[in-house]
1. When segment 148-168 is examined, which residues are found to be in contact with a strand residue (DSSP E or B) (Cβ under 9 Å, 6 or more places away or on another chain) and open to solvent by 60 Å² or more (accessible area, probe 1.4 Å)?
2. Mind listing whichever residues of segment 230-247 are assigned to a helix (DSSP H, G or I) and in contact (Cβ under 8 Å) with a residue 24 or more places away in the chain?
3. Residues in segment 251-258: is at least one outside any helix (DSSP H, G or I) and over 29 Å from the mean Cα position of the chain (by Cα)?
4. Would it be correct to say that Thr117 is hydroxyl-bearing (Ser, Thr, Tyr) and in a loop (DSSP other than H, G, I, E, B)?
5. Residues Glu287, Glu227: which one is assigned to a helix (DSSP H, G or I) and either in contact with an Asp or Glu (Cβ under 6 Å, 6 or more places away or on another chain) or open to solvent by 40 Å² or more (accessible area, probe 1.4 Å) (or both)?
6. Sort out which residues of segment 132-168 are over 18 Å from the mean Cα position of the chain (by Cα) and either outside any helix (DSSP H, G or I) or not assigned by the TED database to the domain that holds Gly118 (or both), and write them in order of number.
7. Six or more apart or on different chains, Cβ atoms under 8 Å: show the pairs whose first residue is in segment 267-281 and surrounded by fewer than 15 Cβ atoms within 10 Å (Cβ to Cβ) and whose second is β-branched (Val, Ile, Thr) and assigned to a loop (DSSP other than H, G, I, E, B).
8. Which residue pairs have Cβ atoms under 8 Å apart, sit 6 or more places apart or on different chains, and have a first residue in segment 171-185 that is closer than 22 Å to Ser252 by Cβ and a second that is open to solvent by 60 Å² or more (accessible area, probe 1.4 Å) and assigned to a helix (DSSP H, G or I)?
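The values are calculated or read from the model by the stated rules, or taken from the named source; none is laboratory data. Note that this is a predicted model, so its numbers are computed, not measured. Neighbour counts are summed over all protein chains in view; Cβ atoms, including those assigned to glycine, are modelled from backbone coordinates with ideal geometry. Surface accessibility is based on the protein's heavy atoms, side chains included, excluding ligands, DNA and RNA. Shrake-Rupley method; radii C 1.70, N 1.55, O 1.52, S 1.80 Å.
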Amino acid sequence: MSTPAPVTLIGLGPMGQAMVRTLLAAGHPVTVWNRTPARADALVAEGAVLATTAAQAVAASDLVLLSLTDYAAMHDVLDAATEVLRGRTVVNLGSGTPGETRTAARWADEHGATLVTGGVMTPPPGVGGADAYVYYSGPEAAFRAHETTLALLGAPRYLGDDPGLAQLLYQAQLDVFLTALSGVAHAAALAQAAGVAPTNFVPEALRTLVETPAMIAGDGPPGAEFETGVHPGHLSTATMMGATAAHVLGASEELGVDDVLPRAVLSHYERTLAAGHGRDGWTAIFEVVKARTPAAQSVGGES
């Protein structure tokens, strides 16, 4: 059995700390660096090595994992370590747009490094768990060389050479996540404005979230209506759903609750009806929100 290879991890927020602990538990020597060194104290006590500079951290391993907020933070850290980047694989597990990711990949290449992008699809407590998975994209050889190590964080889902694709799907997943959170917060605000405590209402809202997949699945594989452009309206039509969206907006206005979210939802249905999809199912809103130009629809192109 081969000895676990050294790994460097830069950025010790909750996600970074969880990844360090997962790697340590698997026997990997882990070098860490963080702007606030005190965040590493517990990890050092558990076996990690704290580098004094970002350059020292990068130089310690062929595989460098970044758990930073965005690409600006990446540059803030790595611009001071370009002299030791050559020959290393940098796996950015932070966040950014596909275009920013492709620009960063070119920057890494100019400094002799290879950038692989990742999107971690689990909260920090789930890192390394059975349900965790991570999107990856970028040069396949670099990904495959470190796949066994990366698999410790969650099941790897390699998407291809385009470094922007993992970020694109990561952001698409966060689109679902953040919109759902806003929906729950807005609904709780509606309930509270009517005199119902959020602690009484939110458990029922969570039940609605649990039951939502059945509405999305429809009669075929989830997403089939979006892919085929066929939107059966036998369960509920866009007209019916639009009327409901209007009622949610009206209730928000009556109770003085912020109306930005329900107004945005209603706009989807209003435009769908205007496009002639009133008798189609709710999935017809896809026809008015999807990208319209070839450039916007392309994946893997330059930004």
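1. Our first condition is that a residue be in contact with a strand residue (DSSP E or B) (Cβ under 9 Å, 6 or more places away or on another chain); within segment 148-168, this holds for 149-151, 153-168.
Passing the criteria: Arg157, Asp161, Leu168.
2. To start, the set of residues in segment 230-247 that are assigned to a helix (DSSP H, G or I) comprises 238-247.
Matches in segment 230-247: Ala238, Thr239, Met241, Gly242, Ala245.
3. yes
4. no
5. Only one candidate qualifies: Glu227.
6. First, the residues of segment 132-168 that are over 18 Å from the mean Cα position of the chain (by Cα): 139-149, 152, 161.
Within segment 132-168, Pro139, His146, Leu152, Asp161 meet the criteria.
7. Partner pairs satisfying both residue conditions: none exist.
8. Close Cβ pairs satisfying both conditions: Ala180/Leu209; Val184/Leu206; Val184/Leu209.
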